[in-house]
Amino acid sequence: MESDIRVIQYLGSKLQILDEIENEIKEIIPSGGVVCDLFSGSGVVSYKLANRYTVYANDVQAYAELIAGVLLCCNKGRESVTKRYKDIIETDYYRYNKGKLVEIFGQALAFEKRVLDNEDYEGLAELCNLNLYYDGSELTECKKETAEAVFGEALKFFDRATITALKEQRQYAALFSLYYLNSYFSLEQCVEIDSVRYVLDKMHDMEEISDYEYRGLLVCLIHAVSEIVSTVGKNFAQPIKVTDENGDIKSFAIKRCMRDRKRPLADFFDSMSDKLGHVAVLSGGNKSYCMDAMELLEKAEMSGVDVFYLDPPYTIDHYSRFYHVLETLVKYDYPNLERKKYRGQMHIMNGRYRENRFQSNYCIPSRGYGEFEKVIEKIHATGTAVVLSYSEDDSDKDTRKRVVTRDELIGILKRYYNKVEVRNLEHRYRKLSAKESNRKEMNNSELLIICRQQADG
């Protein structure tokens with residue numbers, strides 16, 4: 001079994017404590033049986049447990065369900081991922097879509113290539129700050145002349161009519177090229193992403209690849225996109241800002257952005273394709289779901305679960321903010337972008353977030369406690385044990401305050417389970433704070449809380 005598959009860099013990842021999680025579950029059910037990973041996230045825990053148990057993985061986000069489903073369900077028909085990047089770009093589908101985008105954006109692509117080839121930091125900063133994307137509404141009058149010089153006739157494609165036509169007619173794929181250029185990615189990278197995404201849909205529609213390989217290749221694309229993105233921490237909260245409030249170029253940021261703009265999609269796509277090609281055949285009973293946790297607990301098959309593993313969000317930071325681009329990559333639905341009022345005017349936010357993106361009750365202070373209690377009450381009613389991960393906050397180290405404190409959480413658990421044990425682990429994780437400079441590796445107190453109902457006497 002390929003043991004080190006990490007598709008995306010994930011906030012709060014449990015990659016470093018997988019053995020400890022498995023060992024605690026082994027104390028409850030030594031082998032066999034069914035474990036439900038109720039908030040599967042990056043899928044690393046589900047995949048680890050699948051070498052010993054049947055695993056049901058669930059997450060409310062489509063990209064997370066896709067990752068878990070590919071890692072857990074490769075056995076169906078004994079299928080695997082066999083395609084490589086070269087196989088994708090040699091198709092007529094790829095040549096058609098990339099040719100269409102080069103026809104539209106050729107002038108801008110040529111300008112960008114000169115900037116990158118010449119390590120032109122001022123030119124790169126100019127592109128990053130142009131604010132031409134989506135429906136063109138963020139392009140200010142003072143930058144219109146520059147936009148016309150760089151994009152030429154392509155300017156007319158940044159409007160609602162184009163987006164609506166692309167969404168309804170699907171004649172070619174251009175979502176990333178219109179939404180995320182000169183922010184998370186270069187225009188050239190966006191053209192590549194769109195064209196690969198187009199190929200996968202076409203190959204699947206024409207039954208040239210199976211459902212499993214289609215999903216597996218999407219996971220390869222998710223991995224590649226996550227590796228080439230130009231952000232701090234390789235998530236999608238917001239792109240690197242290359243100038244300060246005075247418009248001066250930030251040296252470290254612009255160099256990092258230049259480096260990221262040159263990263264090739266192909267290398268990372270193929271590295272994940274290689275890994276997925278060696279994923280072991282796992283239990284035929286594994287399943288992946290994309291549901292709200294409470295809705296999943298209503299399903300009849302949950303009565304067969306022996307242990308629920310829980311690692312829900314604990315801070316005010318909604319994961320949909322950090323991985324919204326991956327959600328859009330999977331859905332490829334040309335979403336409306338969220339707008340907020342700034343200085344009396346409605347503007348699209350710097351992160352270019354999806355409108356109506358998922359907001360978890362676990363991340364809302366007024367709802368978090370009640371949401372935890374509801375899910376624990378529901379699981380307890382099934383008579384099933386719980387293994388729960390919890391990372392403690394530390395105000396001295398500037399980590400995010402938890403919506404539900406350790407004592408509050410343990411209080412909830414003890415109301416429903418008469419045996420609640422707390423294991424304290426130390427591991428290293430990526431710190432999330434308000435300051436970009438504070439994103440670094442640090443030690444953190446990770447708890448595993450084991451809950452069982454023991455018979456009286």
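Miscellaneous remarks
- For the pair region 159-194 / region 257-303, the C-alpha centres are spaced 24 Å from each other.
- Taken one residue at a time, the phi angles of region 16-24 give Karplus couplings (6.51, -1.76, 1.60, θ = phi - 60°) of 7, 10, 4, 5, 5, 5, 4, 5, 5 Hz. Gly and Pro are set to x.
- Dipole axis of the chain (+1 Lys, Arg; -1 Asp, Glu on Cβ), positive-most option in Met346, Leu109, Ser230: Met346
- Listed by chain and number, the lysines whose C-alpha is less than 30 Å from the C-alpha of Lys378, apart from same-chain residues fewer than 8 away, are Lys14, Lys26, Lys48, Lys287, Lys299, Lys401, Lys414, Lys419.
- Unit charges on C-beta of K, R, D, E only; dipole of region 1-66, Debye: 60 debye
- Estimated D of region 132-286 in µm² per second, where Rh is the Kirkwood radius over Cα pairs and Stokes-Einstein applies at 25 °C, 0.890 mPa s: 139 µm²/s
- Database remark: amide H of Asn182 closer than 5 angstrom to the amide H of Leu187 (H placed geometrically; neighbours at sequence offset of 5 or more, or on other chains; Pro and chain starts carry no H).
- Computed E for Ser303/Leu425 - FRET, C-beta separation, R0 30 angstrom, nearest 0.05: 0.45
- Protection proxy ranking of 325-336, 371-382 - average other beta-carbon atoms within 10 Å, highest first: 325-336, 371-382
- Think of each Lys and Arg Cβ as +1 and each Asp and Glu Cβ as -1; about the Cα centre, that makes the dipole of the chain roughly 460 debye.
- For the chain, with +1 on Lys and Arg beta carbons and -1 on Asp and Glu, the positive-most of Ile412, Ile240, Gly277 along the dipole: Ile412
- Residues with amide H under 5 Å from that of Ser445, placed H, sequence gap 5 or more: Glu392
- Mean Cα-pair separation over length for region 226-310, i.e. relative contact order, pairs under 8 Å, 6 or more apart, %: 19 percent
- Cα-based helix-to-principal-axis angle, 265-276 vs the chain, degrees rounded to 10: 30 degrees
- Euclidean distance between Cα centres, region 40-99 to region 123-154, Å: 36 Å
- Accessible surface of the chain, 1.4 Å probe: 45 percent of it comes from carbon and sulfur atoms.
- Computed over protein heavy atoms with a 1.4 Å probe, the accessible surface of the chain works out to 44 Å² per residue.
- On Cα atoms only, tilt of 160-169 relative to the major axis of the chain in degrees: 60 degrees
- Computed from Cα atoms, the angle from the helix 187-205 axis to the main principal axis of the chain rounds to 60 degrees.
- In this structure, the amide hydrogen of Val60, modeled 1.01 Å from its nitrogen in the peptide plane, lies closer than 5 angstrom to those of Met291, counting only residues at least 5 positions away or on a different chain.
- Pair-distance distribution of region 79-156: all C-alpha pairs, bin width 5 Å, starting at 0; shares per bin in whole percent are 3, 13, 18, 18, 15, 12, 9, 6, 3, 1, 0.
- Unit charges on C-beta of K, R, D, E only; dipole of region 282-332, Debye: 200 debye
- Taking θ as phi - 60° and the Karplus parameters 6.51, -1.76 and 1.60, the scalar couplings of region 234-246 work out to 6, 10, 10, 5, 6, x, 4, 8, 8, 10, 8, 5, 8 Hz in sequence order, x denoting glycine and proline.
- Per-residue ³J(HN,Hα) for region 134-145, Karplus 6.51 cos²θ - 1.76 cosθ + 1.60, θ = phi - 60°, Hz, x for Gly and Pro: 6, 9, x, 6, 8, 6, 7, 4, 6, 9, 5, 5
- The Cα atoms of the chain define a convex hull whose projected area, averaged across directions, is 22.9 nm².
The values are calculated or read from the model by the stated rules, or taken from the named source; none is laboratory data. From a predicted model like this one, the values you see are computed outputs, not experimental measurements. For neighbour counting, all protein chains shown are included, and Cβ atoms are generated from backbone atoms with ideal geometry for every residue, glycine included. Heavy atoms of the whole protein, side chains included, go into the accessibility calculation; ligands, DNA and RNA do not. Shrake-Rupley method; radii C 1.70, N 1.55, O 1.52, S 1.80 Å.
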